[in-house]
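These notes are about the structure you will find just below.
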Amino acid sequence: MEKVKAKKFLGQHFLNDESIAERIADTLSLKGYNTVLEIGPGMGVLTKYLLKKPVKTYVVEIDRESVDYLKTHYLNLSERIIAKDFLKYDFKEIFGQEPYAIIGNFPYNISTQIVFRALENRIQVPEFSGMFQKEVAERICAKSGSKVYGILSVLAQAFYHAEYLFTVDEHVFTPPPRVKSGVLRLTRKENFTLPCDEKLFFTVVKTAFNQRRKTLRNSLKSLEIPEDFKADKLLDLRPEQLSVEQFIQLTQKVTPHATSI
């Protein structure tokens, strides 16, 4: 079977550097799980190295042509190829309550959504690593005070330790993207429970960054701020100045207006 042609509408850029594929596979610690789920394997350049690991590898691929290619070239994987949309499929159908790591050379056009989906399933995902557009990888790992620190940074780092590992140049892909890529690893915080209402925490973070140039006092007007907290200097800061812990403190103080519940 001929090689798969990259499809622009799927955000496909096929990695063709074996050494980088092996480095990405090696980002997994293999601790706390026996199963790995690769998102968007394409022609299996990363899959090949995952199959050498002492874990059971599954792949999820929405591109029918790639699925056919994998079934032809990776016969020992054929029963573990999930021809579905990662963003819509309920993986409990396959994994039940078992933990699994997520890895991949993620399509740029849905990479942010992939992170949010992983966060939704974090109870079963102790580790998450892979390649993003460099700008997105840096944003996920950014610390407070950085210009790129935002919603993704706070929500990912509330539940995971984030590490930016290395940068990948454009020329190692077919077709080459217009930007560099970055590889990161997220390791879940063990025995961690968010000490505030989770839904409200997400709302506070998103509401604050939706008007990131304003102080929190102005951007959070859709929430109820108690009188005894209105003079707090935390509200005079802009969202990128707050640490994850401070966003948690803020969530513990505010409540939604009755009209927005």
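The values are calculated or read from the model by the stated rules, or taken from the named source; none is laboratory data. Quick caveat, the model's predicted, so the values are computed rather than measured. Positions of Cβ are generated from backbone atoms using ideal geometry, with glycine treated the same way; all protein chains shown enter the neighbour counts. Note: accessible area is taken over every heavy atom of the protein model, side chains too, but ligands, DNA and RNA are not part of it. Shrake-Rupley method; radii C 1.70, N 1.55, O 1.52, S 1.80 Å.
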Quick check, is Leu200 assigned to a loop (DSSP other than H, G, I, E, B), farther than 20 Å from Thr112 by Cα, of a type outside the set (S, T, N, Q) and in contact (Cβ under 8 Å) with a residue 24 or more places away in the chain? no
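Quick grid of which residues meet (1) open to solvent by less than 40 Å² (accessible area, probe 1.4 Å); (2) in a helix (DSSP H, G or I); (3) within 16 Å of Thr187 (Cα to Cα); (4) free of Cβ contacts under 8 Å to residues at least 40 places away in the same chain:
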| site | (1), (2), (3), (4) |
| --- | --- |
| Met131 | yes, no, yes, no |
| Ser144 | no, no, no, no |
| Gln157 | yes, yes, yes, no |
| His161 | no, no, yes, yes |
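So, of the residues in the stretch 64-85 that are aliphatic (A, V, I, L, M) and touching a strand residue (DSSP E or B) at 6+ places or on another chain (Cβ under 9 Å), which turns out to be surrounded by the fewest Cβ atoms within 10 Å (Cβ to Cβ)?
Start the filter on the stretch 64-85 by keeping residues that are aliphatic (A, V, I, L, M), which leaves 67, 70, 75, 77, 81-83.
With the extra rule that they be touching a strand residue (DSSP E or B) at 6+ places or on another chain (Cβ under 9 Å), the set shrinks to 67, 70, 77, 81-83.
On the way: Val67: 20, Leu70: 24, Leu77: 20, Ile81: 19, Ile82: 19, Ala83: 16.
It comes out as Ala83.
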Matching residues in the stretch 146-155 (touching a residue at least 60 places away in the same chain (Cβ under 8 Å) and open to solvent by less than 20 Å² (accessible area, probe 1.4 Å)) number 3
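Can you name every residue in the stretch 41-67 that is small (Gly, Ala, Ser) and either free of Cβ contacts under 8 Å to residues at least 60 places away in the same chain or closer than 19 Å to Lys88 by Cβ (or both)? Before you say what the answer is, go through the steps one by one.
Of the residues in the stretch 41-67, the ones small (Gly, Ala, Ser) are 42, 44, 66.
Passing the criteria: Gly44, Ser66.
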Of Ser181, Ser222, the only residue that is surrounded by fewer than 15 Cβ atoms within 10 Å (Cβ to Cβ) and hydroxyl-bearing (Ser, Thr, Tyr) is Ser222
When the stretch 86-129 is checked residue by residue, the ones that are buried (at least 21 other Cβ atoms within 10 Å of the Cβ) and among the acidic types (Asp, Glu) are Glu127
When Pro195 is run through (1) over 30 Å from Glu98 (Cα atoms); (2) open to solvent by 70 Å² or more (accessible area, probe 1.4 Å); (3) assigned to a loop (DSSP other than H, G, I, E, B), the failure sits at (1)
Within the stretch 133-142, restricting to residues that are in contact with a Gly (Cβ under 8 Å, 6 or more places away or on another chain) and hydrophobic (A, V, I, L, M, F, W, C), the one that is surrounded by the most Cβ atoms within 10 Å (Cβ to Cβ) is Ala137
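Can you find a residue that is more than 30 Å from Lys5 (Cβ to Cβ), modelled with pLDDT under 95 and over 12 Å from the mean Cα position of the chain (by Cα) anywhere in the stretch 162-173?
Going through the stretch 162-173, the residues more than 30 Å from Lys5 (Cβ to Cβ) turn out to be 162-164.
Narrowing the set further to residues that are modelled with pLDDT under 95 leaves none.
No, the stretch 162-173 contains no residue that is more than 30 Å from Lys5 (Cβ to Cβ), modelled with pLDDT under 95 and over 12 Å from the mean Cα position of the chain (by Cα).
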Considering residues that are out of contact with any helix residue (DSSP H, G or I) (no Cβ under 6 Å at 6 or more places or on another chain) and open to solvent by less than 40 Å² (accessible area, probe 1.4 Å), the number found within the stretch 39-58 is 4
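If you take the residues of the stretch 15-38 that are hydrophobic (A, V, I, L, M, F, W, C) and open to solvent by 20 Å² or more (accessible area, probe 1.4 Å), which of them is farthest from Asp68 (Cα to Cα)?
Going through the stretch 15-38, the residues hydrophobic (A, V, I, L, M, F, W, C) turn out to be 15, 20-21, 24-25, 28, 30, 36-37.
Those left that are additionally open to solvent by 20 Å² or more (accessible area, probe 1.4 Å): 20, 30.
Details: Ile20: 24, Leu30: 28 Å.
Residue satisfying both the conditions and the ranking: Leu30.
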Scanning the stretch 13-46 for residues that are farther than 20 Å from Ala118 by Cα and in contact with a Pro (Cβ under 9 Å, 6 or more places away or on another chain), the one modelled with the lowest pLDDT turns out to be His13
When restricted to Arg213, Arg217, the only residue assigned to a helix (DSSP H, G or I) and open to solvent by 30 Å² or more (accessible area, probe 1.4 Å) is Arg217
